[in-house]
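Just below is one structure, and these are the notes that go with it.
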Amino acid sequence: MPLRSFGVVLAALALTSGGACLDGLAVTAGFAQETRAAQQIWTVPEIGALPNDAHGRLVRRGRDLITATYAYIGPEVADRSKRFAGNNLACGNCHLQAGTKKFGIPLFGLFGEFPHYSARSGAQMTIEDRFNSCMTRSMNGRALPATAPEMQAMVAYIKFLSTGLPPGELLPGLGTGKMPELDRPADPARGKAGYATACATCHWPNGAGIRRSLPTTDLGYRVPPLWGGDSFNDGAGMARLITAANFLHFNMPHGADYLNPQLSPEQAWDIAAYVISQPRPHKAGLDKDFPDLLEKPVDAPYGPYADGFGEQQHKYGPFAPIRAAIAKLKAEQKGTSTR
């Protein structure tokens, strides 16, 4: 029935029933609006619903590479040519719940953001470049070729996680969240005590984590190391205080989330300071990061810097004075360029 005719029929029914139909019509209209609103709510797609075809298998392999990276491209896999990761971590140690947990550095909704400009490299970055940034920093290894089947599988998984998302739409829950910053430096000494109380049971007092009962073909960790030779290197995002502190606040100890944080902001800042103060592998060439030093994150724990503050304050804060200095330098630079 044409829409106009349908409207006429409804009007006639309302008149013949003394208007009684209008309440029902309002309910029907309200229900339709609620249904449309529900249809507009984006949710993470269900990987289990994928068919067992070539694409479904590729996406599932990508998910497996995220959750058990060490088992496919780790430093102890049997095929030496596949040893791209330099440690036995999994991507899922940082990208929690296979990259689907809000504020657990999720991977959903990212595919359409690439390629984009990267301040760290000073150039356009593809999604493959972004994977390799993790491979050489968080995984302390070497870059995967863009044509490698493992790379193609992980890219397919990231693309799948953005299924149904309108282009350009920014989803809530990305990154690590944002809690209030301290007006003092984060304190590794206080953090050491907090770590002993909240973290050491799982990650061990020496930060070494818990391996999967070696020797075994499982490889990897039941609980990942937070420092030491098998952890992320000093060029990784998790080696920066703001990233680490927010990640801890919204995700740790195990079972916490952004709706139910278990560490106070102050505890999270100090524990993160303790963790990033510990020894870890060094990435060569960090001085080449961020060609435009005014675009360098305020918590980058390595120089050079353009803002007049030293490495200690960049590592532990407070960051407000650094931001103010950078804003002033940018304003001066803009004023010079417009003359």
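The values are calculated or read from the model by the stated rules, or taken from the named source; none is laboratory data. As the structure is a prediction and not an experimental result, all values here were calculated from the model. So basically every Cβ, Gly included, is an ideal-geometry build from the backbone, and we count neighbours across all protein chains shown. Just the protein is used for accessible areas: all its heavy atoms, side chains included, with ligands, DNA and RNA removed. Shrake-Rupley method; radii C 1.70, N 1.55, O 1.52, S 1.80 Å.
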If we ask which residues in the stretch 58-72 are open to solvent by 50 Å² or more (accessible area, probe 1.4 Å) and either within 19 Å of ARG142 (Cα to Cα) or more than 24 Å from the chain's Cα centre (by Cα) (or both), their number turns out to be 2
Of the residues in the stretch 208-224, those that are open to solvent by less than 30 Å² (accessible area, probe 1.4 Å) and in contact (Cβ under 8 Å) with a residue 24 or more places away in the chain come to LEU219, GLY220, TYR221, PRO224
Count - residues of the stretch 73-96 that are open to solvent by 10 Å² or more (accessible area, probe 1.4 Å), at pLDDT 95 or above, assigned to a loop (DSSP other than H, G, I, E, B) and farther than 11 Å from GLY220 by Cα
6
Looking at the stretch 282-328 only, could you name the residues that are of a type in the set (Asp, Glu), open to solvent by 40 Å² or more (accessible area, probe 1.4 Å) and within 23 Å of GLY228 (Cα to Cα)?
ASP287, GLU311
For GLY255: the one exception among (1) open to solvent by 50 Å² or more (accessible area, probe 1.4 Å); (2) in contact (Cβ under 8 Å) with a residue 24 or more places away in the chain; (3) assigned to a loop (DSSP other than H, G, I, E, B):
(2)
Going through (1) within 17 Å of ARG120 (Cβ to Cβ); (2) out of contact with any helix residue (DSSP H, G or I) (no Cβ under 9 Å at 6 or more places or on another chain) one by one, GLN312 fails only at (1)
Quick check on my filter: what residues within the stretch 101-120 are touching a residue at least 40 places away in the same chain (Cβ under 8 Å) and either open to solvent by 40 Å² or more (accessible area, probe 1.4 Å) or among the aromatic types (Phe, Trp, Tyr) (or both)?
LYS102, PHE103, PHE108, LEU110, PHE111, GLY112, ARG120
Among GLN267, GLN262, which is the only one that is among the polar types (S, T, N, Q) and part of a loop (DSSP other than H, G, I, E, B)?
GLN262
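Considering each residue of the stretch 159-207, count those that are in a loop (DSSP other than H, G, I, E, B), over 13 Å from LEU110 (Cβ atoms), open to solvent by less than 80 Å² (accessible area, probe 1.4 Å) and in contact (Cβ under 8 Å) with a residue 12 or more places away in the chain, and give that number.
Going through the stretch 159-207 one residue at a time, the tally reaches 12.
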When residues of the stretch 124-142 are filtered for being farther than 23 Å from TYR221 by Cβ, touching a Ser or Thr at 6+ places or on another chain (Cβ under 9 Å) and open to solvent by less than 50 Å² (accessible area, probe 1.4 Å), how many remain?
1
